[in-house]
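Only one structure is covered here, and it is reproduced in the block below.
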Amino acid sequence: MAGFWSLILAGLCLTGPIHSGGSPLRWGCDQEGGAPYCFLDGKLELVGFEVDIVRELERKLGRKIRFTQYGFESLIPGLLKGDFDFAMNGLEVLPDRRQAIRFTRPYYLYRQQLTVRKGESRFSQYRELAGQTDKEVGTMDGTAAEALLIRDGVRHASYSTPTEAYRDLELGRLDAVLLDMPMARQYAAENPALAFLGEPFAPGRYAIAVPPSENALADAIDRSINEMIQDGSLREILTRWKIWDGFNESHLAGATSAADWEFEDKDAGSGWTVARYLPLLLDGARVTLLLTLASFALALCIGLGIAVARLYGPRPLQILAVGYIEFFRGVPLLLLLFFLYFGLPSVLAGIGLPAIGEWITPFAAAWLGLGLTYGAYEAEIQRSAIQSVPQGQWEAAAALGMPKGLTFRRIILPQAVRIALPPTTGDLVALFKDTSVASAITLLELNKQYQILAKSSLKFVEIGLITAILYLALSVPLGLASRALEKKLGANHGK
Amino acid sequence: MASDHKPAVTGGLGIRISQLVKRHGDREILRGIRLDIQPGHTVALIGPSGGGKTTLLRCLNGLEPFDGGSVDVGDNTLHPGNGRPREIARIRQTVGMIFQDFQLFPHLSVLENVTAAPVWVQGEKPKVARERALQLLERVKLADFSHRRPAQLSGGQKQRVAIARALALRPRGLLCDEITSALDPETKHEVLVVLEDLKRDGLTVVMVTHEIGFARRAADRVVLLADGKVAEEGTAGEVIDAPKTERASRFLARVLG
């Protein structure tokens with residue numbers, strides 16, 4: 001028995017993340033839109049200043065390091081889950097994160113840079129954006145910049161990559177972008193349409209994240225970074241990537257003690273109380289509800305139109321209707337939303353209609369995408385409902401001299417609606433849940449708010465439970481209401 | 001008000017069927033039917049199933065397009081093919097139809113079933129249509145049921161609502177397609193009583209029926225249809241009690257047992 005347990009223990013140790021000296025360390029990082037940190041270059045090779053630092057780290061630690069692709073916004077949960085040994089991807093040292101993970105000493109000091117379109121005259125500094133409902137600032141999921149925008153009450157949209165944020169700024173969908181200097185330099189400095197506004201501010205540090213239990217690994221990395229600072233290899237790498245500046249020179253390279261780089265915006269991010277995040281979740285719930293109702297109304301209209309076209313239209317129209325249904329039932333919703341939000345504006349600009357492209361807000365794209373998709377499902381539900389009204393009803397109405405249009409509107413459709421109600425209710429609940437997909441195009445609906453808040457505060461369980469309660473608080477009344485309607489309409493129904 | 005009671009019905013119209021042919025693919029369902037129906041007569045169409053009775057009836061108000069011959073209903077004439085919509089619409093407002101399976105509108109109340117066509121098709125004021133509908137429901141002994149839904153009625157009650165619904169357009173003719181076949185003997189009686197009552201108003205009634213007893217009692221003329229042709233035509237006494245053709249005797253022997 002004892003032998004059995006020691007075998008298990010030995011197994012655990014061998015597969016444990018750190019203690020096996022021979023196996024390579026796993027490095028969690030997101031290469032998608034990751035320039036200049038870590039990205040694929042034109043030759044499809046992984047490059048970036050963090051890649052260079054990791055190579056140097058390999059030499060100093062004497063261990064192989066293997067790259068593991070991981071979504072940026074999930075890096076910290078992934079680290080805690082044990083999917084890799086350390087995370088290094090421009091991770092900012094934020095007070096809330098420090099409670100959950102161990103950060104090494106910094107390898108770079110960043111500051112926030114506000115970027116605007118060239119010639120911006122409506123505001124001249126970041127401060128003016130606070131509380132402005134008509135100005136929107138783009139940033140990235142789970143960054144210090146996002147936490148700053150939340151704290152300062154600036155209306156914002158969070159993207160999963162910087163590319164899309166700067167592109168939407170250029171397209172006029174955003175009024176500014178607030179992101180760490182390395183990204184601003186990479187994506188905006190050379191763009192003639194964009195300009196930096198004001199001096200960089202709100203300094204912070206990039207450090208490598210290690211699980212809290214892995215002190216030995218953290219200490220080893222600390223020593224290696226120290227060596228890289230002392231032998232100048234870190235400065236050499238960062239200079240090559242054009243992000244070394246006087247600020248790093250004095251506070252990082254010239255650091256005599258930790259106090260030099262321990263500047264923390266004291267009130268940034270910390271103190272995730274219910275009172276602080278609940279209003280944000282409630283606002284997300286409001287957007288989710290609004291999106292559900294608006295896109296369902298659209299789906300019902302499209303569904304009825306397509307169903308009628310398919311049943312009574314001339315042959316070519318019938319074929320188009322079938323094509324519509326098959327197309328929108330087959331295309332993944334996420335893909336459709338990406339196309340509508342990120343792709344359609346450039347298509348519209350290409351055919352000389354850039355003005356329409358500006359109307360495509362995240363909400364509009366989500367509304368359209370959900371409406372088009374669920375319109376296809378609704379079309380099939382309504383078609384079969386219309387067909388299941390007995391043919392005799394048409395004849396009885398005809399015998400009373402009712403024209404076809406009148407018969408359809410006043411005799412067939414009201415009966416079809418009753419038949420279609422139960423499957424339509426199911427559709428509504430499915431649509432309600434699918435609104436969460438809109439978080440992928442930066443819409444601040446409930447799911448997106450949850451992700452932002454949970455990842456910033458690391459209170460996955462607590463905020464998750466509250467979010468779940470909010471979802472239920474919306475979907476349960478929705479279900480009850482439609483069941484009541486079903487009962488009311490169905491009560492007197494029959495031959 | 002009192003003067004409003006009777007004009008629901010304004011006297012029957014004549015129907016003339018000439019060389020009516022109806023095909024279904026290669027099969028001829030009606031093979032040159034000739035029939036004159038006098039205004040105010042009640043005509044019973046009897047005969048074996050598959051003989052073309054229901055098809056003939058449905059040709060009379062354009063529910064079924066036909067392939068040859070013509071049908072005159074009052075002043076309107078139906079020709080082969082899908083016909084002219086205006087002609088058909090006029091006929092449908094002068095000739096009501098009642099179906100074997102009622103086909104009341106389930107989502108409407110009894111009263112709304114009756115007022116639907118006058119209000120929606122003829123543009124009658126809802127208030128006036130309601131008044132008249134209540135009188136018609138009174139006549140079929142269902143005034144107390146005006147706010148019920150069809151699902152809450154018995155078969156006989158449903159069929160009487162269907163009659164009131166047809167009468168609401170002030171028709172001068174009534175087409176009845178086996179209107180008692182789905183009913184049990186007791187409720188059958190309720191419906192037949194209403195039908196006999198209508199006869200007194202001078203309405204022309206064409207009915208497909210298996211009620212030989214009722215046909216004998218109420219019909220002015222009886223037409224026996226077999227294999228898409230008129231096998232025999234005459235008074236009830238002539239056709240039912242003294243059939244001249246072998247086809248007719250065979251059928252009557254079977255149904256009369």
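The values are calculated or read from the model by the stated rules, or taken from the named source; none is laboratory data. Remember, it's a predicted structure, so these values are computed and weren't measured experimentally. Glycine gets a Cβ as well: all are built from the backbone with ideal geometry, and neighbour counts include every protein chain shown.
Restricting attention to segment A:188-221 and to residues that are polar (S, T, N, Q) and assigned to a loop (DSSP other than H, G, I, E, B), the residue that is surrounded by the fewest Cβ atoms within 10 Å (Cβ to Cβ) turns out to be A:213. Condition first: out of contact with any strand residue (DSSP E or B) (no Cβ under 7 Å at 6 or more places or on another chain), surrounded by 24 or more Cβ atoms within 10 Å (Cβ to Cβ) and either not β-branched (Val, Ile, Thr) or not in a helix (DSSP H, G or I) (or both). Now tell me which residues in segment B:160-170 satisfy that. Result: B:160, B:164, B:165, B:168. Segment B:171-257 holds strands (runs of 3 or more DSSP E) entirely within its bounds, and those carrying 1 or more residues that are in contact with a Lys or Arg (Cβ under 7 Å, 6 or more places away or on another chain) and surrounded by 16 or more Cβ atoms within 10 Å (Cβ to Cβ) map to B:204-208, B:221-226, B:229-234.
Counting residues in segment A:466-473 that are of a type outside the set (Phe, Trp, Tyr), over 30 Å from residue A:360 (Cα atoms), modelled with pLDDT of 90 or more and in contact with a helix residue (DSSP H, G or I) (Cβ under 9 Å, 6 or more places away or on another chain) gives one or more.
For segment A:386-416, residues that are within 9 Å of another protein chain (Cβ to nearest Cβ) and within 17 Å of residue A:303 (Cβ to Cβ) total 2.
The rows are residues; the columns are (1) modelled with pLDDT of 90 or more; (2) on the phi > 0 side of the Ramachandran plot; (3) assigned by TED's automatic domain parsing to the domain that holds residue A:227.
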| residue | (1), (2), (3) |
| --- | --- |
| A:25 | yes, no, yes |
| A:29 | yes, no, yes |
| A:44 | no, yes, yes |
| A:61 | yes, no, yes |
| A:74 | no, no, yes |
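Among the strands (runs of 3 or more DSSP E) confined to segment B:1-110, the ones with at least 3 residues that are within 14 Å of chain A (Cβ to nearest Cβ) and surrounded by 14 or more Cβ atoms within 10 Å (Cβ to Cβ) are located at B:95-98. Restricted to segment A:222-246, and to residues there that are free of Cβ contacts under 8 Å to residues at least 40 places away in the same chain and β-branched (Val, Ile, Thr), the residue that is surrounded by the fewest Cβ atoms within 10 Å (Cβ to Cβ) is A:239. Comparison of A:117, A:151 shows that the only residue that is of a type in the set (Lys, Arg) and farther than 23 Å from residue A:449 by Cβ is A:117. Highlighted here are the helices (runs of 4 or more DSSP H) found entirely within segment A:332-378 that include at least 2 residues which are in contact (Cβ under 8 Å) with a residue 24 or more places away in the chain: A:333-338, A:354-359. If you go through segment B:233-254 and keep only what is closer than 17 Å to residue B:207 by Cβ and of a type in the set (Asp, Glu), you end up with just B:233.
Note on segment B:140-158: among residues that are polar (S, T, N, Q) and outside any helix (DSSP H, G or I), the one that is modelled with the highest pLDDT is B:146. Scoring residue A:394 on the criteria (1) more than 25 Å from residue A:172 (Cα to Cα); (2) out of contact with any Phe, Trp or Tyr (no Cβ under 7 Å at 6 or more places or on another chain); (3) in contact (Cβ under 8 Å) with a residue 24 or more places away in the chain leaves a single failure, condition (3).
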